[in-house]
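S.K.: Have a look at the structure that comes next, please.
The values are calculated or read from the model by the stated rules, or taken from the named source; none is laboratory data. Source: prediction; values computed, not measured. Here Cβ is always computed from backbone atoms with ideal geometry, including for glycine, and neighbour counts include all displayed protein chains. Surface accessibility is based on the protein's heavy atoms, side chains included, excluding ligands, DNA and RNA. Shrake-Rupley method; radii C 1.70, N 1.55, O 1.52, S 1.80 Å.
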Amino acid sequence: MKKISTIFRQIGSQVYALSAIAMLSMPLFFSCVDNDDDVPETMYTSKKMTAGAFLEANKDRYSDFIALLKRTPYFSMMTTYGRYTLFAPTNDAMSIYVKNNGYGSVDGIPQAVCDSVARTHIIRSGAYFTSDVPEGKVGMNMLDAFVTWTSDSDVVNNNRLIYYVNKNSRMTEYNDSVTNGVVHTIDHVLASTNDFLPEKMEEDSTITLFCEALRLTHLDDSLHNYIDDTYNIGVDSVEIGTQERCTNNGNPYMTCLWVNTRYFKYTAFVEPDSVFHNNDIYTIDDLKAYAKRIYDATYPEDAGLYDDDFTHRKNPLNRFISYHLLDRIVSYNDLVGSDLTKDCWKTTLADPEEFYETMCPGTLVRLAKPSGDQAGVYINRRGLMSRLYDSESRGVKVLSPSESGKADQQALNGYYHYLDDILTFNTHTRDVIFNCRMRFDPAVLSPDFMNGDGRNHKDAIGNTIRGFKKGYVKGWEMSDESFVGVTGNDIWWASFMGHVVVVTGRFDVTFKLPPVPKKGTYEIRIGYTPAEERGVIQAYLNGSPCGIPVDMRMYPGDPDIGSIPDGADGAQTEEEIKMQDKALHNRGFMKAMDCWYQGGTGTTNSLRAVHYGLRRVLATENMDPDQTYYLRMRQVLDDPEKYCNFNYLEICPKSVYASPEGEDQH
């Protein structure tokens, strides 16, 4: 098979075509520095000094941590070129750690523990300053665990911000720029945990009722997986890409790296006991009765059939708990959209949203991030900014790390979030909240894309594609000649969420669709950006062809598509634009959304306005939440260098796309 490096170069040239000059002038999310001119204004600045040299220059504060690092390969790594975030415990912090663990001295720390401690304190995928991430996940450390930070106000010192790492380690100094990243000084050694998610939750005395129900349903048994021991890759693939087809061949933009380890990870949304008490739920029997009232109404055909079998997937309590669980790990600041959402989503047009399939069969959660005085993250909310669709559509707020107190909510294989109200898939959620167009970032269409750091990833070597191997992507089947990967995010990608799932080679892939919320007629659509290097795909729904092949080389203005731009060069009045949209839809196409702005909302480049994004309607189908649907995409061209840039999936009910007022442009 030919190399795919040519394809990666073409991806880069296509999406950067709009404004290479603007791209070069944009500030990057990662504030890494490799020369004096790029050093940002920070509290402490160390010029011409690596992180390792910085520690050596301040031995009075860091000598014990230096001694630990030098027993591992990681001190030398801190003296090399790269893009690192290093959390450096002071000597006092190391003394506390040594005493609490009974080691006697740093020299008494076992070698394996030294290695674990070192990797816990290093993020090697970027230099993160406190200005980059307000709170939540900063990055993944070298143990592939989230590092999070929270902030508080120091009332003694004019409400100066105090930053904490993983809830319990205070940054005493921060944003210390070095030539290969940034150093933050902390007053306690960062703890790592060997607890799986259920055991971590059991330690939390504020969520006892939820944990009791988790045990009773035996859903805790589903949360104990961690690493797939059957998965393996070559050593070279971790740093420089693997096999000939995944090298970058000198291209500065696109390198493919296979996922290093296949993880199974989970997220739980959890009501504290106080929330249950506010709803007159004090015992497990109270919670059983509450769940029965909700789910007997949502699923009347199952009412009374499984009440005493708490492990049955149709038991009301089982449905209640499993609706709170996701089979992927999602940190607070990744719950809605990519890391570019804050820059590129026009929040006056639509609230940023994300949809996830839950571990309750046939159900989704709808995550929204409104702005205004309702700012935060909500589950199953319907509105715009501070305005709600109706009084029942406020949703349930997910508490931020800073709102969640001091509890360590991260386990070895997952994370749990507190809720401020009770989360259910009730009839209002099913019939009203999900009576909407559901748009899925393709990077959420398999838990492996997220557990393998596919979405929002950046690497020290630059912009990369994260590659996923055949047989190790849940919900996806792919032929031997298929390559599937997720691109890194960039503000100048002409793509919703700033990235795409790339499918290339003489590919033939099939993936499981998310469930629909209720029986009805739905349109299934894919979003993509046309270009001459794209392929021609034949789509199938559950084995049946979806019309004629989609030629992704054809631009919107091609006569067979017939799209014309809005404004002076095309349809001008609101009525003309609506008529053009309707005619385009009748031909099986739609323009891209107007709420995502390539380059940021400070530009005029909404994906609709730039006029080279398309949606293709693949099928109109009667669908049932109790059935499983699969979408197959097969490359028609006999050319391994043609590819599909799969940008998003939409599942839209007839009540929306055929409504009298018409579907919105958002």
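S.K.: Round to the nearest 10 and report in Å² the accessible area of K167, as given by a 1.4 Å probe over the protein chains' heavy atoms.
M.R.: Using a 1.4 Å probe on the heavy atoms, I get roughly 10 Å².
S.K.: Which value, in Å² and to the nearest 10, is the accessible area of W493 when all protein chains are kept and the probe is 1.4 Å?
M.R.: We get 10 Å² for W493.
S.K.: Something else: With the crude spin-label approximation of a point 7 Å out along Cα→Cβ, what separation in nm comes out for I96 versus K512?
M.R.: Placing both labels 7 Å beyond Cα along the Cβ direction yields 4.4 nm.
S.K.: Send over a whole-number figure in Å² for the accessible area per residue of the chain, probe 1.4 Å.
M.R.: Result: 39 Å² of accessible area for each residue.
S.K.: Just to check I understand the Karplus step: with θ = phi - 60° and J = 6.51 cos²θ - 1.76 cosθ + 1.60, what whole-Hz values come out for the range 127-137, glycine and proline as x?
M.R.: After applying 6.51 cos²θ - 1.76 cosθ + 1.60, I find 9, 9, 9, 5, 6, 7, 10, x, 6, x, 5 Hz.
S.K.: Next up: Got a number for the accessible area of K578? Probe 1.4 Å, square angstrom, nearest 10.
M.R.: Approximately 100 Å² for this residue.
S.K.: Arrange the peptides 172-183, 123-134 so that the one whose residues have, on average, the most other Cβ atoms within 10 Å appears first.
M.R.: In decreasing order of mean packing, 172-183, 123-134 become 172-183, 123-134.
S.K.: List residues of the range 92-133, by number, whose backbone nitrogen lies under 18 Å from a label position 7 Å along Cα→C-beta of S63.
M.R.: Output list for this probe position: 92-99, 104-109.
S.K.: Over all directions, average the projected area of the Cα convex hull of the range 430-552 and note it in nm².
M.R.: Hull-based average projected area comes out at 9.2 nm².
S.K.: Which residue, chosen from I329, P370, F355, occupies the Cα position most advanced towards the positive end of the dipole of the range 283-408, where the dipole is computed from +1 (Lys, Arg) and -1 (Asp, Glu) charges on Cβ about the Cα centre?
M.R.: Sorting the options by dipole projection puts first P370.
S.K.: After finding the eigenvalues of the alpha carbon gyration tensor for the chain, what semi-axes result from the square roots of 5 times each, listed largest first in whole Å? If you can, show how the numbers build up before the last one.
M.R.: Details: eigenvalues 313, 217, 112 Å².
Taking √(5λ) for each eigenvalue gives 40, 33, 24 Å, largest first.
S.K.: So who's got an amide H within less than 5 Å of the one on S482, skipping anything under 5 residues away but keeping other chains? H placed 1.01 Å off N, in plane.
M.R.: Result for S482 returns D508.
S.K.: Another one. On average over all directions, what projected area in square nanometres does the range 290-340 have, based on the convex hull of its Cα atoms?
M.R.: Values: hull surface 19.1 nm².
Quarter of the Cα hull surface area: 4.8 nm².
S.K.: Leaving out ligands, DNA and RNA, what percent of the accessible area of the chain is carbon and sulfur, probe 1.4 Å?
M.R.: Working: 12670 of 26140 Å².
Carbon-and-sulfur percentage of accessible area, whole number: 48.
S.K.: Treating only the Cβ atoms of Lys and Arg (+1) and Asp and Glu (-1) as charged, compute the dipole magnitude of the range 304-369 about its Cα centre; round to the nearest 20 debye.
M.R.: 120
S.K.: Still on this structure, please answer the following. Rank-order 638-644, 322-328 by packing density, defined as the average count of other C-beta atoms within 10 Å over each peptide's residues, highest first. Show your work: numbers first, answer last.
M.R.: Working: 638-644: 18.9, 322-328: 22.4.
Per-residue Cβ counts within 10 Å, averaged per peptide and sorted highest first, yield 322-328, 638-644.
S.K.: Considering every Cα-Cα pair within the range 361-501, what fraction, in whole percent, is farther apart than 18 Å?
M.R.: 68
S.K.: Using the Karplus curve 6.51 cos²θ - 1.76 cosθ + 1.60 with θ = phi - 60°, what ³J(HN,Hα) values do you get for each residue of the range 442-454, in whole Hz, with x for Gly and Pro?
M.R.: Going residue by residue, I get x, 6, 9, 7, 8, x, 5, 4, 8, 5, x, 6, x Hz, with x marking Gly and Pro.
S.K.: Treat every Asp and Glu Cβ in the range 563-666 as -1 and every Lys and Arg Cβ as +1, leave all other atoms uncharged, and give the resulting dipole magnitude about the Cα centre to the nearest 20 debye.
M.R.: Numbers: 11 positive and 17 negative charges, 58 e Å.
Value, rounded to 20: 280 debye.
S.K.: Something else: Take the alpha carbon gyration tensor of the range 623-666, find the square roots of its eigenvalues, order them as a ≥ b ≥ c, and report rounded if a/c is under 1.5; if not, report prolate when a/b exceeds b/c, else oblate.
M.R.: oblate
S.K.: Convex hull volume of the Cα atoms in the range 483-563, per residue, in Å³? List each step's numbers first, then the result.
M.R.: Details: hull volume 12.1 nm³, N = 81.
Taking only Cα atoms, the range 483-563 has a hull volume of 150 Å³ per residue.
S.K.: Can you give the helix-only mean residue ellipticity at 222 nm for the chain, where every DSSP H stretch with n ≥ 4 adds -39500 (n - 2.57) and the sum goes over all residues, rounded to the nearest 500 deg cm²/dmol?
M.R.: -5000 deg cm²/dmol
S.K.: Let me ask another. For the range 556-666, compute the number of Lys pairs whose alpha carbons are separated by less than 20 Å, excluding pairs fewer than 8 positions apart on the same chain.
M.R.: Close lysine pairs under the 20 Å cut-off: 5.
S.K.: Once you charge only the Cβ atoms, +1 for Lys and Arg and -1 for Asp and Glu, what is the size of the charge dipole of the chain about its Cα centre, to the nearest 20 debye? Before the final figure, lay out each step's value.
M.R.: Numbers: 66 positive and 91 negative charges, 220 e Å.
The calculated dipole for the chain is roughly 1060 debye.
S.K.: Among all the lysines, which ones have a C-alpha under 19 Å from K314's C-alpha, if same-chain residues fewer than 8 places away are not counted?
M.R.: K288, K292, K518, K519
S.K.: If we sort 610-621, 83-94 on the protection proxy, mean other Cβ atoms within 10 Å, highest first, what's the order?
M.R.: Ranked from most to least packed, the peptides come out as 83-94, 610-621.
S.K.: Leaving ligands, DNA and RNA out of it, rank M438, M49 by accessible area with a 1.4 Å probe, largest first.
M.R.: Result of the area sort, largest leading: M49, M438.
S.K.: While we're looking at this one, here's another question. Name the shape class, rounded, prolate or oblate, that the alpha-carbon gyration tensor gives for the range 351-422, where a ≥ b ≥ c are the square roots of its eigenvalues, rounded holds for a/c under 1.5, and otherwise prolate holds if a/b is larger than b/c and oblate otherwise.
M.R.: oblate
S.K.: Put +1 on the Cβ of each Lys and Arg and -1 on the Cβ of each Asp and Glu in the chain; which of P198, F276, G304 then has its Cα farthest toward the positive end of the dipole?
M.R.: P198
S.K.: Report the net charge of residues surrounding M623, where surrounding means a beta-carbon distance below 15 angstrom and charges are Lys +1, Arg +1, Asp -1, Glu -1. If you can, show how the numbers build up before the last one.
M.R.: Numbers: positive: R430, R437, K512, K518, K519, R525, K654; negative: E357, E523, E621, D624, D626, E650.
Residues near M623 contribute +1 overall.
S.K.: May I pose another question? Evaluate Rg over Rh across the range 288-395, taking Cα atoms for both radii and Kirkwood's formula for Rh.
M.R.: Details: Rg = 16.4 Å, Rh = 15.5 Å.
For the range 288-395, the value is 1.06.
S.K.: Shifting gears a bit: From the phi of every residue in the range 629-641, what ³J(HN,Hα) in whole Hz does the Karplus formula 6.51 cos²θ - 1.76 cosθ + 1.60 yield, where θ is phi - 60° and glycine or proline is x?
M.R.: 3J(HN,Hα) across the range 629-641, in whole Hz: 10, 10, 10, 10, 10, 10, 6, 7, 6, 8, 8, x, 9.
S.K.: I've got another one for you. Excluding same-chain pairs closer than 8 in sequence, count the lysine pairs in the range 352-469 whose Cα atoms lie under 26 Å apart.
M.R.: Numbers: K369/K397; K369/K406; K369/K458; K397/K406; K458/K469.
So the count works out to 5.
S.K.: Related question: Just want the answer: with Cβ charges of +1 for Lys and Arg and -1 for Asp and Glu, which residue in L216, Y84, P556 is farthest toward the dipole's positive end in the chain?
M.R.: Result: P556.
S.K.: Does the range 520-568 classify as rounded, prolate or oblate by the C-alpha gyration tensor (a ≥ b ≥ c root eigenvalues; a/c under 1.5 gives rounded; else a/b over b/c gives prolate, otherwise oblate)?
M.R.: Because a/c hits 1.5 or more and a/b fails to exceed b/c, the range 520-568 counts as oblate.
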